[in-house]
1. Going by the structure shown, is Arg139 in contact (Cβ under 8 Å) with a residue 24 or more places away in the chain and more than 12 Å from the chain's Cα centre (by Cα)?
2. Could you please find all residues in region 136-180 being closer than 28 Å to Arg108 by Cβ and either among the acidic types (Asp, Glu) or part of a loop (DSSP other than H, G, I, E, B) (or both)?
3. Would you please list the contacts, defined by Cβ atoms under 8 Å and residues six or more apart or on different chains, that run from a residue in region 163-179 that is under 13 Å from Arg144 (Cβ atoms) and open to solvent by less than 80 Å² (accessible area, probe 1.4 Å) to a residue that is among the β-branched types (Val, Ile, Thr) and in a loop (DSSP other than H, G, I, E, B)?
4. Against the condition more than 26 Å from Val104 (Cα to Cα), not hydrophobic (A, V, I, L, M, F, W, C) and not in a loop (DSSP other than H, G, I, E, B), how does Arg183 come out, does it pass?
Amino acid sequence: MRRHRFGGTLLAIALAALATSWLLREDDRPAESAAATPATRGADFYLRQGQLRRLDGQGRLLLEATATYGLHFPDDRMTRLEDVTLTYYGATAPWRLRSQQALVPDDRSEPIVLQGEVHVQTDLAGPPRRLEMQTALARLRPGRRELSIPGHVVFRTPLERLEARGLEAALETGEVRLLAEVRGRYAL
């Protein structure tokens, strides 16, 4: 598959631009059958093996997304992606988020919601601090450069394993706050 490079400030615009290369045509439209799921009805475009890139105001790569499949629904102005990898290129180190599903709103002020089995990975400043997290739901706000996890999260570095309820991360600085019910182990 050839790669597409998209600029722009809105992820929704990038999704729409990518979709034009996969617009439904008579010759490649999935056959409509009684087995077609209601979830695919009402979609105005789909993508397979898609890659999106969003640039910041200075033209630097800010966010890259890949998905094996996606559907855009104009009624709720949302794109539903499957088997998703998002990479946010912050000031300190890239943040990689993988999930089974993601909901990407057309409205840039709304968060990208990753759900299913969500894995987060980055390198924190200081000694070797590979950070890995696992959770069921995460919200990424690229415009605010924030990641939030409202529920249970398992947080691992080479020296510690922590569990908490709720997490907030400043993607530019790498600052991570565990919000409640923090339990963990630390190894020297």
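1. no
2. Pro142, Gly143, Arg144, Arg145, Glu146, Glu168, Leu171, Glu172, Thr173, Gly174, Glu175
3. Sorted first by the residue in region 163-179, then by its partner, the pairs are Glu172/Thr92.
4. Taking the combined requirement at face value, the residue satisfies it.
The values are calculated or read from the model by the stated rules, or taken from the named source; none is laboratory data. This one's a predicted model, so the numbers in the text were calculated from it and none came from an experiment. Every residue, glycine among them, receives a Cβ derived from its backbone with ideal geometry; neighbour counts consider all protein chains shown. Just so you know, the surface numbers come from the protein's heavy atoms only, side chains and all, with ligands and any DNA or RNA stripped out. Shrake-Rupley method; radii C 1.70, N 1.55, O 1.52, S 1.80 Å.
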